[in-house]
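One structure is given here, and the rest of the page talks about it.
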Amino acid sequence: QVRLVESGGGLVQPGGSLRLSCAASGFIFKFNAMAWYRQAPGKERELVARIASSGSTTYADSVKGRFTVSRDNARRTLSLHMGSLKPEDTAVYYCNRPAADGGPGTWGQGTQVTVSS
């Protein structure tokens, strides 16, 4: 059974940093692309960052240069380092294992990130 468990969310001041982690189990992690999404109140869920099995990465324009996605295949862990945080980064952040067609697949339970002074 595929399972994704996020951790690391919390309250941070504008300009601060936070690191999210996602522990994966139930599938061969190293062979799969992985992604982070987020959903702010009243908005649709959006793709934040994606990392291929090769390690190549893509980012939403809104987070380029501030966020870094990485993976540790030995530990089956996906990470998202978020820097220069802004109030508009406030959202529930979700780990995702993409489906075969590249769209969103299995979701984690999400972790809340709040950027506020």
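The values are calculated or read from the model by the stated rules, or taken from the named source; none is laboratory data. Just so you know, these numbers come straight off a predicted model, no measurement behind them. Just the protein is used for accessible areas: all its heavy atoms, side chains included, with ligands, DNA and RNA removed. Shrake-Rupley method; radii C 1.70, N 1.55, O 1.52, S 1.80 Å.
Structural remarks
- Identity of the residue in segment 70-105, under 23 Å from P41 (Cα atoms) and of a type in the set (D, E), that ends up least open to solvent (accessible area, probe 1.4 Å): D89
- Annotation: D101 fulfils all but one of (1) within 20 Å of V2 (Cα to Cα); (2) at pLDDT 95 or above; (3) of a type outside the set (K, R); the unmet one is (2).
- Residue ID - nearest to A100 (Cα to Cα), chosen from residues in segment 32-69 that are open to solvent by less than 40 Å² (accessible area, probe 1.4 Å) and small (G, A, S): A33
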